[in-house]
1. Give segment A:22-42 a look and list any residue that's within 60 Å of the chain's Cα centre (by Cα) and either within 7 Å of another protein chain (Cβ to nearest Cβ) or open to solvent by 60 Å² or more (accessible area, probe 1.4 Å) (or both), or say none.
2. Kindly indicate whether any position in segment B:106-115 is over 30 Å from B:Ala9 (Cα atoms), in a helix (DSSP H, G or I), at the interface with chain A (Cβ under 9 Å from one of its Cβ atoms) and at pLDDT below 90.
3. Is segment A:66-81 home to any residue that is facing chain B (nearest Cβ under 10 Å), farther than 30 Å from B:Asn2 by Cα and either more than 60 Å from the chain's Cα centre (by Cα) or open to solvent by 70 Å² or more (accessible area, probe 1.4 Å) (or both)?
4. How many residues, within segment B:28-47, are crowded, with 19+ Cβ neighbours inside 10 Å, at the interface with chain A (Cβ under 9 Å from one of its Cβ atoms) and in contact (Cβ under 8 Å) with a residue 40 or more places away in the chain?
5. Being without any contact (Cβ under 8 Å) to a residue 40 or more places away in the chain, acidic (Asp, Glu), more than 10 Å from chain B (Cβ to nearest Cβ) and out of contact with any Lys or Arg (no Cβ under 7 Å at 6 or more places or on another chain) narrows it down to one residue among A:Glu5, A:Glu45; which is it?
6. Against the definition (assigned to a strand (DSSP E or B) and either open to solvent by less than 60 Å² (accessible area, probe 1.4 Å) or modelled with pLDDT of 85 or more (or both)), how does A:Leu147 come out, yes or no?
7. May I ask you to say which residue of B:Ser149, B:Ser135, B:Ser69 is loosely packed, with under 15 Cβ neighbours inside 10 Å, at pLDDT 85 or above, among the small types (Gly, Ala, Ser) and not in a loop (DSSP other than H, G, I, E, B)?
8. Hey, any hits in segment B:128-150 for a residue that's under 9 Å from the mean Cα position of the chain (by Cα), basic (Lys, Arg) and farther than 19 Å from B:Ser53 by Cα?
Amino acid sequence: MTDEEAKLILQAYAPNGRSAADPNFQAALNQARCNREVADWFANEQALDTRISESLSRSLTPPTRLKSLLLAQRVIIRPVVWWRKRSHQLALAACAVLVSILSLVWFSRPGPVGFDKYREEIGGSTVEGIEPVGRVPRDQFQVRRWLADNELDADSVAPRGLNDDMISSCRVVNWRGNKVYIICYQLENHQNAHLAVIDRAALKDAPAESPVFDQIGKAATISWSRGNHTYMIASTSGVASDLMKLF
Amino acid sequence: MNESDYEDAVVNYYERLYAFGYSLTGNQDDASELTQEAFYRLLTRGGMVRDSSKIKSWLFTTLYRVFLSWEQRRALLPHFEISSVENEIPPVTPEQMDVLLDNAVRDCLLELEERYRAPLILFYLNDHSYDEIASILAVPIGTVMSRLSRGKTLLRKRLAGRAIGADANSKITHLKSQLNSASRAL
């Protein structure tokens, strides 16, 4: 370490001896002990720094009332705990509303319903009496577009006895929180048949792939599942044997 | 932060904080306001200071940041250049210091640029090591060392200039009184 380096370091040496224990000054202090010129310079430096420090302490005294003001501040401005701050309260309220909405949505989600119930309410009803969701297509062109929009390929799912030309209308209805796509066919004997398509997971005990025939009062139904969907053909004025002819 | 800790912080640090604030702003009102702002923030945001031993550094750092934000907003920081004439003035000696008034020392400090003034006052407050000064001012330790060195040199040249002026004034006053005595004798 050169003398100049030692002096540069010792310039940061606190005049009140506070730096004595700082190991970073030891080498420079040793240099001062060994070199008279550096030692004299350091003594002069410390004497000056001490006087300047004392002088500044005397001239930079705060106004007499500042301390009282600062102490009074703790009474005037009470520390606000975080959950009492308005911004945090608003955030908490927003969170509570969000949780409520999510809970509502979660708990109001429709659970699977028994297939018997579905067959009874959809198959046994006059589908026209159920309020449709959205627009009901009125002509053949609209029907085809509606089927395409809803990814329903009637030809591939309907039995051989039902074809597109026989479709009279289509609609989507909301049944216990589930969408049911209903395609209405006009049969030759002036009777109606409805093909209802529902998400298979919406039913607790959806039928297997083999068609199941049922008679509910005056309504006849044929039900089966394929892939993710469950299908049901219902005719409120027919009998199961008439529907069987469609297959 | 509870009331007792706050009170301790006020008692222990407010004078030095004020001195630091004064050295930065150069006037009593702004220094008081800076000090109050630092303590206000301690009161309202002091919960962030988990370690009570860090309160001192936190207060000085906060005060300095508030000052910098003022400076940015107002852009009215006075800027003093050291004149070339002062390079020819010899450094002040301890004896000359006796001639100087405390306020003159303070004024000499205030005439320095803020980059030298801030580390110098923290150094002369005798309360901070150079690495603490670096932390408060958010500059590297090497920068603190060089600014301290340069700042001290500049301060002492200014002090020497004042001391010479004060010494000359004292001699003039002495001569005047001698002349008055002589004229009365005549």
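The values are calculated or read from the model by the stated rules, or taken from the named source; none is laboratory data. Just so it is clear, the structure is predicted and the values come from calculations on it, not from any experiment. Here the Cβ positions follow ideal geometry from the backbone for every residue, glycine too, while neighbour counts run over all protein chains shown. For the accessible areas, the whole protein counts, side chains as well, though only heavy atoms, and no ligand, DNA or RNA atoms are used. Shrake-Rupley method; radii C 1.70, N 1.55, O 1.52, S 1.80 Å.
1. A:Asp22, A:Pro23, A:Asn24
2. no
3. Looking through segment A:66-81, none of the residues is facing chain B (nearest Cβ under 10 Å), farther than 30 Å from B:Asn2 by Cα and either more than 60 Å from the chain's Cα centre (by Cα) or open to solvent by 70 Å² or more (accessible area, probe 1.4 Å) (or both).
4. Total meeting the criteria: 2.
5. Sole residue among the options that is without any contact (Cβ under 8 Å) to a residue 40 or more places away in the chain, acidic (Asp, Glu), more than 10 Å from chain B (Cβ to nearest Cβ) and out of contact with any Lys or Arg (no Cβ under 7 Å at 6 or more places or on another chain): A:Glu5.
6. Taking the combined requirement at face value, the residue does not satisfy it.
7. Working: B:Ser149 fails: loosely packed, with under 15 Cβ neighbours inside 10 Å; B:Ser135 fails: loosely packed, with under 15 Cβ neighbours inside 10 Å.
Matching residue, one of B:Ser149, B:Ser135, B:Ser69: B:Ser69.
8. No, that holds for no residue.
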